[in-house]
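A.B. asks: This is the structure, below, for whatever I ask next.
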Amino acid sequence: MPQTLSTREANLFRTVIRHYEDKQYKRGLKAAEQILKKNPKHGDTMSMKALILNAQGKTEEAFGLAKDALTIDMKSYICWHVYGILYRTNKNFDEAIKAYKFALKLEPDSHQIQRDLAVLQVQMRDYPGYIQSRLVMLKARPQLRQNWTALAIAYHLDGNLQQAENILSTYEKSVTAAPLRTDFENSEALLYKNSIIAEMGDFERALEHLEAECKACLDRLAVMELRARYLAELGRKEDAAKAYRALLDRNSEHPDYYKALVDALGIAADDETALKAVYDEYAAKNPRCDAAKRLPLDFLSGDGFRAAAKAYLTLMFDKGVPSTFANLKHLYSDNFKKETLPILAEEYLEEHRGNSSTNGDSSKGEGAALYFLGQHYNYFMSRDLSKATEYVEKAIELDPKNVDFHMTKARIFKHQGEIAKAAEAMDRARSLDTRDRYINSKAAKYQLRNDENEKALATMGLFTRAETVGGPLVDLTDMQCIWFLTEDGEAWQRRGDIGLALKRYHTIFNIFDIWQEDQFDFHSFSLRKGQIRAYIDLVRWEDQLRGHPFYFRAALDAVSLYLSMHDKPQNGANGVEGSHTNGDDAAAEKKKAAKKARKEAQKAEREAAEKAAKQDPNKGGAQKSKDGEEVKKKDEDPNGVKLAATTDPLGDAMKFLLHLLQFSPKNIEGQIAGFEVYIRRNKYLPALRCLKASLALDKDHPKVSEQATRLRKALEGAVDSLAPKTKEVIESELATVPGA
Amino acid sequence: MDIRLLRSSDIPLIQHANLENLPENYFLKYYLYHALSWPQLSYVAVDVSRPPKTPYDYPKIVGYVLAKMEEEPADGVQHGHITSLSVMRTHRRLGIAEKLMRQSQQAMVETFGGHYVSLHVRVSNKAAIHLYRDTLGFKTEKTESKYYADGEDAFCMKLELDFIREQLREEQLEEAGEGADKKKIKGEETAEDGENVDEGEAVGDVGRDPAKGSTAKADQKIKVKVGRGLGVGELIEKDESKHS
């Protein structure tokens, strides 16, 4: 039963809400206490108090109180609403949805609850639920265009394109006054509708709609690109060619436009002269354009290639462009091109050598050519490391302070397997330009490759924000610096510090959680901003988020580390890996160093914890946590001690593995790792599934036949524990796997 | 190399390029905030020459410009602002930065009716200053002392975009010249000042811009509601009026 308060207390209750909304938590709590003094069992007040506690970071207390409030007053929508908010702020969206639905049942007319629920539904990709919510919201306020657009989005994301279009059209028909040309929401809504028509594959109608309705749209580039594409799709080649020419006039560095223009012009793929003429036209029109000069090297052959490549290299070397090799190395899949380019560079050197007296700037060209050749011989498809060294040394002789030259020298050392020398050389390159973060990052990366974690962090610290509490590592974590965390974790893993390695991989896991949650606010933000196409693009990308190679690498590292933990159980809590099979002095030395480092870290941790404990969190101090500011949660396990102490490494690996298999099923490394985890857990069917996936991806992969043999063996040993039917299925499937 | 519009899926590698190149870094959400508020303004340069190793690879970003419209311009004039611009050291001297900037400037005028574009640059960054002033035509408005977290001053630079507006007008006249009356276009011009009424409320923080308001003393910072509270409430912007 809803409980009633006296007028005075009802007023007080309203102040509680106001204080909460103004983030005046202490005042809010005070007012709530006043009500509870007289009405200790007032559910709504208890809930509000819970909400404030939650905002102050006292999550557990908040949940306890909110639950008590619910048992006292099950019929209060406020109690359910608060319960939902608690779950939502603690990222348990499924439970939040359930609570919101209860609240909504009790208070069907609450816009706020309905809106919050809708956002949760789209966040969780419950599209049918989202459609329902948006329908209700539209009926409540049909005069708002946002509500129509939102419903269209709901249908669109659910795959019902036709209904999405209908909704948008219905709104358009209801508007009588012509929208202003500067009405951005209108402009974007029209283009959104156009994109839906195109997505249905009806380019005829899409073009018609674009030309009739979208001519004045403010996103001019989009209108031009869509029109060009539709014309091309419809085979209206002459118009398409004209449209792509207009696009090239805007941006002559976009290869897709050239390709589309060539298609529209109907030039045969082997008609090199005609193709070249198209690009030459734009090279002449835009003297500073790179694409028009470089792209023909992709399709030219023989003497045509030689002449064009010579002209291109000469231009690039004369200008001293350092990226010349990077922009051409993709041509190396063609043997002729791979052999021709260094010859041309040599010719250039011949012509320019020693000219420096006549032309003051020719050392620039000479340096660029030497640099090109150095990179050429360092590249894996044309590698000759002694020649590479020779050219780079010559380049350095010419310009001893050139960062790029020294950087390449470091790369050559790396390819020679001289990791320590490589790190040293990269640091030397760094010292030549201490204001450039790029070379600083590279130096740190090479230090990590050389297992110098502490040194690398100090190097990184030269560019992180000095005032960040906790130092460079906290700043790099806050700023979501994935590459550093990955390399740092891998180095700790090589050094045998399981705790810190796991810590880094889990940090990356958490960053991806944040990235996934980042979209939350945009479900409503984008509706207000009206940039619907960009929003749809975001939602679709977020659906694939954990397929990102950044995630894959760290997750695969984590899985393989957990596998080795399972195979070689540790004694110590933060187990430093036992010395490897070739356990020599160096390994023992490393072990000792790691142990020492860990001890120091633990000491620092203890001291930090003591310091934190002495500090009243409500009084502020180093970590400001004023009333109203979000409290930054303390890391309970900064060195991964607890992570490393796991008794179930295979179970922990699953958290990473499931993502690998779900989001990157076509990456064979993930499937191979999946087999390794499953076979150790005696899960033969999933192991077989991974094996079959690997087989389909690359039947010649050496791991495939090895894993097949192991699965067969494992099956033989497990005759008793397996259902005969299961065994039969697996065996018949295995029969098709070679080597099994 | 390919110069094209930024997409959401590019953002992790844009953030990567930013972290590798520049000391001013941002949360992923701050990039999203740009990509979802002004998707027409931000461009990337992509290295298309690397063959993808798996079907899940994203194109490598070798340069980017992250740009926005000032949501509540102090002078009341619609204008764009460059939040961050960077080109990998390995891809310099190809004019990438200039090309990225020009694409962005074009869209600032076309899509959002921007009158000028502003930016901040470290006073010691000679290469960037050369690009802005000599190649693109920016003028130095003023020096903001200790703008950057490490205490360095910034030049506040500005480029009027009339030349793009002029071009656009000519193009529109040409198009309209094919039979239509020119008055219509003039009428539309004036509509440019028509407001986009945008009512919204804060939806939590959208990343942060640590390059801003990060000077020594906390009491020099004030919180300014940016963008009519459009979900960027936690952004701390420096109070520029103090320095002007």
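The values are calculated or read from the model by the stated rules, or taken from the named source; none is laboratory data. Quantities reported herein were computed from a predicted structural model and do not represent experimental measurements. Backbone-built Cβ (ideal geometry, glycine too); neighbour counts: all protein chains shown.
A.B. asks: Just one of (1) among the polar types (S, T, N, Q); (2) outside any loop (DSSP other than H, G, I, E, B); (3) facing chain A (nearest Cβ under 8 Å) trips up B:Ser84, so point out which.
C.D. replies: (3)
A.B. asks: Moving to a separate point now. Pull out all pairs, ordered by first then second residue, where Cβ-Cβ is under 6 Å, the residues are six or more apart or on different chains, the first lies in region A:714-740 and is over 12 Å from A:Asn682 (Cβ atoms) and assigned by TED's automatic domain parsing to the domain that holds A:Tyr678, and the second is at pLDDT below 80 and assigned to a loop (DSSP other than H, G, I, E, B).
C.D. replies: Every condition considered, the pairs that remain are A:Leu734/A:Ala740.
A.B. asks: Can you name the condition, by its number, that B:Val65 falls short on among (1) touching a His at 6+ places or on another chain (Cβ under 9 Å); (2) within 30 Å of A:Ser526 (Cα to Cα); (3) of a type in the set (Val, Ile, Thr)?
C.D. replies: Every condition holds for B:Val65 apart from (1).
A.B. asks: Just to be sure I understand, how many residues within region A:503-554 are of a type in the set (Asp, Glu) and facing another protein chain (nearest Cβ under 7 Å)?
C.D. replies: 3
A.B. asks: Is there a residue in region A:485-494 that is outside any helix (DSSP H, G or I), within 17 Å of the chain's Cα centre (by Cα) and either buried (at least 22 other Cβ atoms within 10 Å of the Cβ) or at pLDDT below 95 (or both)?
C.D. replies: No, that holds for no residue.
A.B. asks: How about region A:250-302: which of its residues are within 13 Å of chain B (Cβ to nearest Cβ), part of a helix (DSSP H, G or I) and free of Cβ contacts under 8 Å to residues at least 12 places away in the same chain?
C.D. replies: Answer for region A:250-302, where residues must be within 13 Å of chain B (Cβ to nearest Cβ), part of a helix (DSSP H, G or I) and free of Cβ contacts under 8 Å to residues at least 12 places away in the same chain: A:Asp256, A:Lys259.
A.B. asks: Further, regarding this structure: Out of curiosity, is A:Phe520 out of contact with any strand residue (DSSP E or B) (no Cβ under 6 Å at 6 or more places or on another chain) and either assigned by TED's automatic domain parsing to the domain that holds A:Phe93 or not in a helix (DSSP H, G or I) (or both)?
C.D. replies: yes
Rundown of residues vs (1) of a type in the set (Gly, Ala, Ser); (2) more than 12 Å from chain B (Cβ to nearest Cβ); (3) surrounded by fewer than 16 Cβ atoms within 10 Å (Cβ to Cβ), yes/no style:
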site: A:Met407; (1), (2), (3): no, no, no
site: A:Phe413; (1), (2), (3): no, yes, no
site: A:Gln416; (1), (2), (3): no, yes, yes
site: A:Ala420; (1), (2), (3): yes, yes, yes
site: A:Ala429; (1), (2), (3): yes, no, no
site: A:Arg437; (1), (2), (3): no, no, no
site: A:Ala444; (1), (2), (3): yes, no, no
site: A:Gln447; (1), (2), (3): no, yes, no
site: A:Asn450; (1), (2), (3): no, yes, no
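A.B. asks: For A:Leu180, are the conditions met, namely being in a helix (DSSP H, G or I) and either more than 27 Å from A:Gly235 (Cα to Cα) or not assigned by TED's automatic domain parsing to the domain that holds A:Tyr535 (or both)?
C.D. replies: No.
A.B. asks: In the set B:Leu6, B:Leu100, B:Leu36, which member is facing chain A (nearest Cβ under 9 Å), buried (at least 22 other Cβ atoms within 10 Å of the Cβ) and in contact with a Phe, Trp or Tyr (Cβ under 7 Å, 6 or more places away or on another chain)?
C.D. replies: Going through B:Leu6, B:Leu100, B:Leu36 in turn, just one is facing chain A (nearest Cβ under 9 Å), buried (at least 22 other Cβ atoms within 10 Å of the Cβ) and in contact with a Phe, Trp or Tyr (Cβ under 7 Å, 6 or more places away or on another chain): B:Leu36.
A.B. asks: Among the residues of region B:121-147, count how many are out of contact with any Asp or Glu (no Cβ under 7 Å at 6 or more places or on another chain), buried (at least 19 other Cβ atoms within 10 Å of the Cβ) and under 19 Å from B:Leu22 (Cα atoms).
C.D. replies: 2
A.B. asks: Further question: Check whether at least one residue in region A:326-340 is of a type in the set (Ser, Thr, Tyr), surrounded by 17 or more Cβ atoms within 10 Å (Cβ to Cβ) and closer than 21 Å to A:Glu253 by Cα, and report yes or no.
C.D. replies: no
A.B. asks: Within the bounds of region A:457-466, is there any residue that is out of contact with any Pro (no Cβ under 9 Å at 6 or more places or on another chain), more than 14 Å from every other protein chain (Cβ to nearest Cβ) and surrounded by 19 or more Cβ atoms within 10 Å (Cβ to Cβ)?
C.D. replies: No: zero hits.
A.B. asks: Which of the residues spanning region B:56-78 are under 10 Å from the mean Cα position of the chain (by Cα) and over 13 Å from B:Tyr43 (Cα atoms)?
C.D. replies: Passing the criteria: B:Met69, B:Glu70.
A.B. asks: How about region B:39-51: which of its residues are farther than 27 Å from A:Leu328 by Cβ and facing chain A (nearest Cβ under 7 Å)?
C.D. replies: Scanning region B:39-51 gives B:Pro39, B:Gln40.
A.B. asks: Report, by residue number, each residue of region B:60-71 that is out of contact with any Asp or Glu (no Cβ under 7 Å at 6 or more places or on another chain) and away from every other protein chain (no Cβ under 11 Å).
C.D. replies: B:Tyr64, B:Val65, B:Leu66, B:Ala67, B:Lys68, B:Glu70
A.B. asks: On to the next question. Since A:Glu487 meets every condition but one in (1) within 14 Å of chain B (Cβ to nearest Cβ); (2) closer than 15 Å to A:Asn639 by Cα; (3) of a type in the set (Asp, Glu), which condition does it not meet?
C.D. replies: Unmet for A:Glu487, out of (1) within 14 Å of chain B (Cβ to nearest Cβ); (2) closer than 15 Å to A:Asn639 by Cα; (3) of a type in the set (Asp, Glu): (2).
A.B. asks: Looking only at region A:312-332, count every residue that is more than 7 Å from chain B (Cβ to nearest Cβ) and free of Cβ contacts under 8 Å to residues at least 24 places away in the same chain and tell me the total.
C.D. replies: Qualifying residue count for the region: 2.
A.B. asks: If you check B:Tyr31, B:Tyr56, which single one turns out to be more than 8 Å from every other protein chain (Cβ to nearest Cβ) and among the hydroxyl-bearing types (Ser, Thr, Tyr)?
C.D. replies: It is B:Tyr31.
Okay, residues lined up against (1) under 18 Å from B:Ile3 (Cβ atoms); (2) in contact with a Gly (Cβ under 8 Å, 6 or more places away or on another chain); (3) without any contact (Cβ under 8 Å) to a residue 24 or more places away in the chain:
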{"site": "B:Val62", "(1), (2), (3)": "yes, no, no"}
{"site": "B:Val65", "(1), (2), (3)": "yes, no, no"}
{"site": "B:Glu71", "(1), (2), (3)": "no, yes, no"}
{"site": "B:Gly76", "(1), (2), (3)": "no, no, yes"}
{"site": "B:His91", "(1), (2), (3)": "yes, yes, no"}
{"site": "B:Lys99", "(1), (2), (3)": "yes, no, no"}
{"site": "B:Gln106", "(1), (2), (3)": "yes, no, no"}
{"site": "B:His115", "(1), (2), (3)": "no, no, no"}
{"site": "B:His130", "(1), (2), (3)": "no, no, yes"}
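A.B. asks: Name every residue in region A:467-477 that is part of a helix (DSSP H, G or I) and either of a type outside the set (D, E, K, R) or at the interface with another protein chain (Cβ under 8 Å from one of its Cβ atoms) (or both), in order of residue number.
C.D. replies: Answer for region A:467-477, where residues must be part of a helix (DSSP H, G or I) and either of a type outside the set (D, E, K, R) or at the interface with another protein chain (Cβ under 8 Å from one of its Cβ atoms) (or both): A:Gly471, A:Pro472, A:Leu473, A:Val474, A:Leu476, A:Thr477.
A.B. asks: Among what's in region B:12-28 and is more than 15 Å from the chain's Cα centre (by Cα) and more than 7 Å from chain A (Cβ to nearest Cβ), pick the residue that is farthest from A:Ser526 (Cα to Cα).
C.D. replies: By that ranking, first place goes to B:Ala17.
A.B. asks: Given the options A:Ser705, A:Ser664, name the one that is among the small types (Gly, Ala, Ser), farther than 30 Å from A:Glu21 by Cα, crowded, with 19+ Cβ neighbours inside 10 Å and in contact with a Pro (Cβ under 9 Å, 6 or more places away or on another chain).
C.D. replies: Going through A:Ser705, A:Ser664 in turn, the sole match is A:Ser664.
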